[in-house]
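To start, the structure under review is shown below, and the notes come after it.
The values are calculated or read from the model by the stated rules, or taken from the named source; none is laboratory data. In this text the structure is predicted, and so the values were computed from the model without any measurement. Cβ coordinates were reconstructed from backbone atoms using ideal geometry, including for glycine residues, and neighbour counts include every protein chain displayed.
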Amino acid sequence: MRRARLRISVITGATVTLLITLVGGVAHTVMTHAQDEQVRRELRYGASRGDLSSPPVCTWLYAPGTTPLANSPAGFPVRADMDRALRTREAVERTVRRNGTVYLVRTQVRADGRLVQAVFDLRFQLADRRYLWTALGVAEVVGLLAATATGAVLGRRAVAPLAEALTRQRRFVADASHELRTPITQVYTRAQVLARQAADDDLPARHRDGLARLVGSVGRLGEVLDDLLLSASLAADPARRSEHRHVELVTLARTVVAEESDRTRDSGLTVVVNGPSYPLCVDGIESALRRAVGELLVNAIGHTPAGGRIEVDLAHADGTVQLTVTDTGSGFDPAEAERLFERFHRGDAGGRYGLGLALLREVIAHHGGTVAATGRPGRGARFTIRLPECASSAVPEPAPAVTAGRP
């Protein structure tokens, strides 16, 4: 919301600046044109009819055989223009820079045959133009300050209702998810107990299958609630600096794989963690990063058929820690790579990716990292997380490959 208010202030200030600049440009053009026309009229009049002993204001008249006035500027007349006008019998007009100012000079032969050179001093016209730009500059600064302040006030008033609505929405999501977590956990636990009892009592297969589906559905519902809670938490406080710690990703990856060992074993999958012989530390929130890595693993498990293989590789690369999850599953169309991270995106093959991958990218982005996906239909998929590496004082320990799943 702060960015939205700042954006409104900047847009308002830029609009005012553009308008003042436009008005100033038009005013300068009109003034310059009017001054030039007036000066040229006076200069032509002085050159053709002016009294050599009493020329118009800011004008000096020169002619062969006459003595210039006492206040005449130095460096005049311009002899070359007089010779040219006398030779061609055509008026010669040009601008001359001398004595720290600008002069407009017109040389012509009058109707009575007398050669006259008129010199007009443009210093007052040039000063008027400078004063105009100075006044416009001051007006622009004042207008910019006023526009920025006005934009800030308008932005605050315009954004405040939206910010309040979003805050209420986030609070509702967080409260609802939190309140639902306990009963859903209880239902999940009870469903697991019933499923075990059904297996122990050797109930009909259809009953056991129904309870197994119930356990899976309630478990997924719990995961959705966890996603909603994490998303609301990140939206309310994206940085959460107080929760940041040094997180060792190799250990975290092993832990996540171990937690999913039952699922990978039941699915007939082999999961391998390949880590270096030294720690790979990042600065972040361990619970959020655990959820992100877990989401990649769960996604791979869900899209890899029995007998498949999932590899979790960790490496150091150019100041970043890279975690890659590769599977031998169904893969996806490369054109879908970016859309996989959209909330509740459904692929062409009907696979639904839900909130998880979208939340995964959100978590990684809040940690200053990136996540990318590559894959091809029928050839598996690869998801790569890159996070900024942090300095670690841990003593390097061997990190052998860890395997979970089928014996």
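Quick notes on this one:
- Residue that is assigned by TED's automatic domain parsing to the domain that holds ALA111 and either at pLDDT below 90 or crowded, with 16+ Cβ neighbours inside 10 Å (or both), where the choices are THR59, THR88: THR59
- Counted residues, the range 93-151 - those being in a strand (DSSP E or B) and surrounded by fewer than 13 Cβ atoms within 10 Å (Cβ to Cβ): 3
- Only one of THR251, THR264 that is at pLDDT 90 or above, part of a helix (DSSP H, G or I), over 28 Å from the mean Cα position of the chain (by Cα) and hydroxyl-bearing (Ser, Thr, Tyr): THR251
- Residue in the range 35-56 that is surrounded by 12 or more Cβ atoms within 10 Å (Cβ to Cβ) and under 17 Å from LEU136 (Cβ atoms) present: yes
- Scanning the range 143-186 for residues that are among the acidic types (Asp, Glu) and either closer than 30 Å to LEU214 by Cα or modelled with pLDDT under 70 (or both) returns ASP175, GLU179.
- Checked against (1) surrounded by fewer than 18 Cβ atoms within 10 Å (Cβ to Cβ); (2) under 26 Å from the mean Cα position of the chain (by Cα), GLY307 passes all but condition (2).
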